[in-house]
1. Which condition number in (1) within 22 Å of residue 154 (Cβ to Cβ); (2) assigned to a loop (DSSP other than H, G, I, E, B); (3) more than 16 Å from ligand 2 (Cβ to nearest atom) is the one that residue 52 fails?
2. Please find, among 70, 101, the residue that is away from ligand 2 (no atom under 13 Å from the Cβ) and open to solvent by less than 60 Å² (accessible area, probe 1.4 Å).
3. Is one or more of the residues making up the stretch 122-140 touching a Phe, Trp or Tyr at 6+ places or on another chain (Cβ under 6 Å) and part of a loop (DSSP other than H, G, I, E, B)?
4. Kindly check whether there is at least one residue in the stretch 77-86 that is basic (Lys, Arg), surrounded by fewer than 20 Cβ atoms within 10 Å (Cβ to Cβ), over 14 Å from residue 41 (Cβ atoms) and at pLDDT 95 or above.
5. So in the stretch 120-154, with the set limited to residues that are within 16 Å of ligand 1 (Cβ to nearest atom) and among the basic types (Lys, Arg), which one is surrounded by the most Cβ atoms within 10 Å (Cβ to Cβ)?
Amino acid sequence: MPLDLMKEPKTEAVNGNKLAATSSGRQALIDGLNEDLAGEFQAILMYIQYSAKLTGPFRRELRALFQAEAADEQGHAQFLSDKIAAMGGEPTTQPRPVPHASQPREMLNCALSAEIQAIADYTTRISQAEACGEIGLKVLLETQLADETRHKEEIERIIAGWCEAAPDRRRVEDPSQDTGGEG
Ligand SMILES: [Fe+2]
Ligand SMILES: [Fe+2]
């Protein structure tokens, strides 16, 4: 058998393996984007509910921040839904569960955890998108990653000044600050 004919089946097998790897990579990317979408729905619900429940002297400022972040997350959710549908997937309608919080500081902690999770998730998704040759998606995910980083840093800045702004809360939250002789 001529050499070139002997090679052909092997090349086909390699191409077949590549195709299978590409399609499993694309499916993993779609699944991952759906996890991100569930996270965005959680963030929208979380910021809306927290902005409604806020009490205390910082209600106005925190409400404005939470509402602005909810609007960003809605844009992210729309983008992800569009992309999942365009890739042939079914965009989820199920959010991740929203953590219960009553006090503003608890809300900030929960929001910070969600933003850190979103940053980690988008970091993974950007690598997957690049591996699948989805460069346009990669660039737009980087923009969303930048938004989540801004959200995270803004919340961190608020938490960093929390004790100074609300010294009474420090005693309640940090038992080591309770001298025991004030009551
Ligand atoms: Fe988001
Ligand atoms: Fe965010």
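1. (2)
2. 101
3. In the first step, residues of the stretch 122-140 are kept if they are touching a Phe, Trp or Tyr at 6+ places or on another chain (Cβ under 6 Å); the result is none.
No, the stretch 122-140 has no match at all.
4. Within the stretch 77-86, not a single residue is basic (Lys, Arg), surrounded by fewer than 20 Cβ atoms within 10 Å (Cβ to Cβ), over 14 Å from residue 41 (Cβ atoms) and at pLDDT 95 or above.
5. Only one residue tops the list, namely 125.
The values are calculated or read from the model by the stated rules, or taken from the named source; none is laboratory data. From a predicted model like this one, the values you see are computed outputs, not experimental measurements. Using ideal geometry, Cβ is built from the backbone for each residue, glycine included, and neighbour counts are taken over all protein chains shown. Accessible surface areas use protein heavy atoms only, side chains included; no ligands, DNA or RNA. Shrake-Rupley method; radii C 1.70, N 1.55, O 1.52, S 1.80 Å.
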